[in-house]
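Q: Dumping the structure here so I can ask a few things about it.
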Amino acid sequence: MSENKANNLNKNEEQLALDDGRRVKVLSPGMMVFKRFIRNKLAIAGIIILAFMFLFSFLGGLVSPYRQDQVFYKTDSANKEYASAVVNTEYRFVTRDGSQLSTLVRANFSRVIKDAGEEGVSFEADGAAWTVRMLGDSFYSIGTAQELGTVTMLGKIADVKPNPGMEISDEVKAAALQAVQSGTLEFEVDGQTYLLTKGKAKSYTLGTVAEAAIASLLSFDTYSSDDKALASGYEFRRGAELAMNTGENAFEAAGESFTLGIEDGGALIYRAGEESPMATVSNVIVNSVTSGVFLPMDYKAAVAEAIADHQTAFEYVNADGETERHTIRMRGNNYIIYTEQQTYLIDMYAAPSMAHPLGTDDHGMDVLTRLMYGGRISLMVGFVVMLLENLIGIIIGGISGYFGGWVDTLLMRFVDLFYSIPYYPMMIIAGAIMDAFEVPPYTRIFLLMAIMGIMGWTGVARVVRGQILSLREQDFMVATEATGIRISRRIFRHLVPNVMPLLIVQATMGLGSIILTEATLSFLGLGIKYPLASWGSIINAASNIYVMTNFWYIWIPAGVLIVLTVLGFNFVGDGLRDAFDPKMKR
């Protein structure tokens, strides 16, 4: 008898294995679902994948030393535009003190210049007679002329006849006769300049000339800003250019003496007794391509000399004693000067390195860091949109399924209306509207999630409505009605929980689809905007064929993360579906 009792006691104390069928019978429904779920190897793989994605996205950003919008730079040498030069073809006018040249006078100058020579040419403007006379190569004098009379040669005798109201002194008549006989068309008497203009046959027009301005193609640049006013003055310019055209090497202006070092196409001007030039003269105008950058005069002189010698490159010793090589290229009528410069550049498309394991993108940002932050947004969008879809779908589907009748008909037609709206065209239109209104990036995320949730709840509503239609007729619902439980409690405390297993499976499998939708919109440029990142906006780099074929590390990692995340949600969804299925083998 004692032996039977001992055997029975041993049987009661026997420990059953977890997968023993006799133990499953006493497990709770939740434990049975969990047991069936963990038996699914793909579901466990999905859990592992999703756990990695969440750790990578939400903890990775905290570990990363960079921000998602941090731009990296590098120092590099590049052959960049440094200066531009042009051979001047427009005349520059320098007026005498107290004189002015109107626009009409300047226009007439451009018209008659081709006929102007040493004899000069006249024109009428502003109610006065003007004379243009060539003083040298591309160097002209512009003055107001007053006719005094005519000089006619009769053999060796000159007849000087004053114009009505004019008087001509004997000294002027004698000087005019001598000038005609010697072939000189300009002479001076008592400090007054007289000009003979050749007319018909052997007649000349005698008049006085008061020089108002000079016109030249040359440009004067000073080495010191203190000499700028002097070098731009009428007396200095006239003296320097007249000396250049007559072959002299000295001139005086403003009470000072200057010497000239004439070169091909230009000259250097020195103060008397000084060895360093104070100005340079050239028909080449040199300017910096960068606003605010001052080009030294010796550099401008080197450029002008190189252009005059038809060189394509030249060397220049800068202020630090370093020799720089500059190249000259033609662009239209301009000369563009290039040189190697140390430049602070955005470090775009940098190859993977210790500092940047996945390199940098087209904005010079760390790709790995942006993948981490991008995962946050992609996963957040997936979960928020899924919750919003289920919230709206449960409310609409629950009310429709419980009440039935005209309420069901009305709400289902409303569902049909939403279901008939094309999803992607509406999302594209919404993205274009947000672009047009320049919606800030953070605000755009919430609007995008709201629009996706509002557009995607119809499927959930149909599922909930169908399940509740079958559940509301069961005995437990009759009991709730008999006990007087209010309608909202019947729907959301008794009916909806019975639908939740199916909704959980559907939501889990739908998360991957939502992430793919967000990635598609961001790839098309209608989703998440710079400087924020999502996996879809990162993979957008593959739209450029050059980037796709040469910089794999920009877009392949984002594509791999999207694929793994979607697979992970699908594996978990399949595992939950099988676990909730009561027909599964235990």
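The values are calculated or read from the model by the stated rules, or taken from the named source; none is laboratory data. Keep in mind that this is a model prediction, so the values were computed, not measured. Every residue, glycine among them, receives a Cβ derived from its backbone with ideal geometry; neighbour counts consider all protein chains shown. We work out accessible area using only protein heavy atoms, side chains counted, and drop any ligands, DNA or RNA first. Shrake-Rupley method; radii C 1.70, N 1.55, O 1.52, S 1.80 Å.
Q: From the list GLY30, GLY46, exactly one residue is at pLDDT 55 or above, more than 30 Å from SER378 (Cα to Cα), in a helix (DSSP H, G or I) and not acidic (Asp, Glu). Which is it?
A: Result of the check over GLY30, GLY46: GLY30.
Q: Another one. Can you tell me which residue in region 278-300 is nearest to the chain's Cα centre (by Cα), limited to those that are over 22 Å from ASN333 (Cα atoms) and open to solvent by less than 50 Å² (accessible area, probe 1.4 Å)?
A: Within region 278-300, the match that is nearest to the chain's Cα centre (by Cα) is PRO296.
Q: Mind checking whether some residue in region 532-545 is surrounded by fewer than 16 Cβ atoms within 10 Å (Cβ to Cβ) and under 22 Å from MET386 (Cα atoms)?
A: No, there is no match, as no residue in region 532-545 is surrounded by fewer than 16 Cβ atoms within 10 Å (Cβ to Cβ) and under 22 Å from MET386 (Cα atoms).
Q: Right, something else. Could you grab the pairs with beta carbons closer than 6 Å, sequence gap of 6+ or different chains, first residue in region 56-83 and in contact (Cβ under 8 Å) with a residue 24 or more places away in the chain, second one assigned to a loop (DSSP other than H, G, I, E, B) and of a type in the set (Gly, Ala, Ser)?
A: GLN68/ALA533; VAL71/GLY364; PHE72/GLY364
Q: What do you reckon, is GLU188 acidic (Asp, Glu), open to solvent by 40 Å² or more (accessible area, probe 1.4 Å), within 26 Å of ALA243 (Cα to Cα) and part of a loop (DSSP other than H, G, I, E, B)?
A: Values: acidic (Asp, Glu): yes; open to solvent by 40 Å² or more (accessible area, probe 1.4 Å): yes; within 26 Å of ALA243 (Cα to Cα): yes; part of a loop (DSSP other than H, G, I, E, B): no.
So GLU188 does not fit the description; no.
Q: Can you pull out the residues in region 124-140 that are in contact with a strand residue (DSSP E or B) (Cβ under 6 Å, 6 or more places away or on another chain) and farther than 14 Å from ARG106 by Cβ?
A: Step one: of region 124-140, the residues in contact with a strand residue (DSSP E or B) (Cβ under 6 Å, 6 or more places away or on another chain) are 128-135, 139-140.
Within region 124-140, ALA128, ALA129, THR131, ARG133, MET134, LEU135, PHE139 meet the criteria.
Q: Could you please give the count of residues in region 301-327 that are among the hydrophobic types (A, V, I, L, M, F, W, C) and surrounded by fewer than 15 Cβ atoms within 10 Å (Cβ to Cβ)?
A: Within region 301-327, residues that are among the hydrophobic types (A, V, I, L, M, F, W, C) and surrounded by fewer than 15 Cβ atoms within 10 Å (Cβ to Cβ) number 3.
Q: Inside region 250-277, can you point out the residues that are closer than 21 Å to ALA308 by Cα and open to solvent by 30 Å² or more (accessible area, probe 1.4 Å)?
A: Result: ILE262, GLU263, ASP264, GLY265, PRO277.
Q: Ok, one more. Search region 145-167 for residues being open to solvent by less than 50 Å² (accessible area, probe 1.4 Å) and farther than 20 Å from GLN178 by Cβ, and hand back the single one that is modelled with the lowest pLDDT.
A: ALA145
Q: Go through region 446-458 and count every residue that is within 19 Å of GLY397 (Cα to Cα) and part of a helix (DSSP H, G or I).
A: To start, the set of residues in region 446-458 that are within 19 Å of GLY397 (Cα to Cα) comprises 452-458.
Then drop every residue that is not part of a helix (DSSP H, G or I), which leaves 452-455, 458.
Qualifying residue count, region 446-458: 5.
Q: Of everything in region 124-134 that's within 54 Å of the chain's Cα centre (by Cα) and under 23 Å from PHE187 (Cβ atoms), which residue is most open to solvent (accessible area, probe 1.4 Å)?
A: Of everything passing the filter in region 124-134, MET134 is most open to solvent (accessible area, probe 1.4 Å).
Q: Still on this structure: Residue under question is VAL132, and the condition is that it be hydrophobic (A, V, I, L, M, F, W, C), in contact with a Phe, Trp or Tyr (Cβ under 6 Å, 6 or more places away or on another chain), farther than 30 Å from ARG325 by Cα and touching a residue at least 12 places away in the same chain (Cβ under 8 Å); does it hold?
A: Criteria met by VAL132.
Q: Take ASN88 and tell me if it is closer than 30 Å to ALA313 by Cβ, touching a strand residue (DSSP E or B) at 6+ places or on another chain (Cβ under 7 Å) and open to solvent by less than 60 Å² (accessible area, probe 1.4 Å).
A: yes
Q: Quick one: how many residues across region 209-234 are farther than 23 Å from THR89 by Cα and either assigned to a helix (DSSP H, G or I) or modelled with pLDDT of 90 or more (or both)?
A: Result for region 209-234: 5.
Q: Test ARG106 against the criterion of being over 19 Å from THR197 (Cβ atoms), at pLDDT 85 or above and either surrounded by fewer than 17 Cβ atoms within 10 Å (Cβ to Cβ) or touching a strand residue (DSSP E or B) at 6+ places or on another chain (Cβ under 8 Å) (or both), and give yes or no.
A: Values: over 19 Å from THR197 (Cβ atoms): yes; at pLDDT 85 or above: yes; either surrounded by fewer than 17 Cβ atoms within 10 Å (Cβ to Cβ) or touching a strand residue (DSSP E or B) at 6+ places or on another chain (Cβ under 8 Å) (or both): yes.
Here the answer is yes, as ARG106 does meet what is asked.
Here's the yes/no breakdown for (1) farther than 30 Å from ASN283 by Cα; (2) within 38 Å of the chain's Cα centre (by Cα); (3) among the aromatic types (Phe, Trp, Tyr):
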{"site": "ALA43", "(1), (2), (3)": "yes, no, no"}
{"site": "GLY46", "(1), (2), (3)": "yes, no, no"}
{"site": "ALA51", "(1), (2), (3)": "yes, no, no"}
{"site": "LEU59", "(1), (2), (3)": "yes, yes, no"}
{"site": "LEU62", "(1), (2), (3)": "yes, yes, no"}
{"site": "PRO65", "(1), (2), (3)": "yes, yes, no"}
{"site": "THR75", "(1), (2), (3)": "yes, yes, no"}
{"site": "ASN79", "(1), (2), (3)": "no, yes, no"}
{"site": "SER84", "(1), (2), (3)": "no, yes, no"}
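Q: Pairs please, first residue from region 419-445 and more than 13 Å from GLY527 (Cβ to Cβ), second anywhere and assigned to a loop (DSSP other than H, G, I, E, B), Cβ atoms under 9 Å, 6+ apart in sequence or on different chains.
A: Hits for this filter: TYR423/GLY456; ILE433/VAL439; PRO440/LYS529; TYR442/LEU532.
Q: Shifting gears a bit: For region 546-586, give me the residue count where each residue is modelled with pLDDT of 90 or more, surrounded by 21 or more Cβ atoms within 10 Å (Cβ to Cβ) and not hydrophobic (A, V, I, L, M, F, W, C).
A: Looking only at that region, the number is 2.
Q: How many residues does region 473-513 hold that are closer than 23 Å to ASP416 by Cα, buried (at least 19 other Cβ atoms within 10 Å of the Cβ) and not hydrophobic (A, V, I, L, M, F, W, C)?
A: The number of residues fulfilling the criteria is 2.
Q: Determine, yes or no, whether ASP137 is charged (D, E, K, R), open to solvent by 50 Å² or more (accessible area, probe 1.4 Å) and over 23 Å from ILE214 (Cβ atoms).
A: Against the criterion (charged (D, E, K, R), open to solvent by 50 Å² or more (accessible area, probe 1.4 Å) and over 23 Å from ILE214 (Cβ atoms)), ASP137 does not qualify.
Listed here are the residues, each with its yes/no results for (1) not in a loop (DSSP other than H, G, I, E, B); (2) not aromatic (Phe, Trp, Tyr).
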| position | (1), (2) |
| --- | --- |
| TYR66 | no, no |
| ASP76 | yes, yes |
| ASN79 | yes, yes |
| VAL86 | yes, yes |
| GLY98 | no, yes |
| PHE109 | yes, no |
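Q: Residue check: is GLY525 at positive phi and not polar (S, T, N, Q)?
A: So GLY525 fits the description; yes.
Q: Kindly indicate the residue of region 168-208 that is over 26 Å from ILE142 (Cβ atoms) and among the basic types (Lys, Arg) and also modelled with the lowest pLDDT among those meeting that condition.
A: LYS202
Q: Out of SER169, SER182, SER203, SER224, report the one residue that is among the polar types (S, T, N, Q) and within 60 Å of the chain's Cα centre (by Cα). So that I can check it myself, show each step before the final result.
A: Details: SER169 fails: within 60 Å of the chain's Cα centre (by Cα); SER182 fails: within 60 Å of the chain's Cα centre (by Cα); SER203 fails: within 60 Å of the chain's Cα centre (by Cα).
It is SER224.
Q: Test of understanding: among LEU9, LEU62, LEU55, which residue is in a helix (DSSP H, G or I), loosely packed, with under 15 Cβ neighbours inside 10 Å and modelled with pLDDT under 50? Don't jump to the end; show me each part of the working.
A: On the way: LEU62 fails: modelled with pLDDT under 50; LEU55 fails: modelled with pLDDT under 50.
Result of the check over LEU9, LEU62, LEU55: LEU9.
Q: Right, something else. Residue pairs, Cβ under 8 Å, 6 or more apart or interchain, first in region 303-330 and in contact (Cβ under 8 Å) with a residue 12 or more places away in the chain, second in a helix (DSSP H, G or I) and open to solvent by 100 Å² or more (accessible area, probe 1.4 Å). List them.
A: PHE314/GLU305
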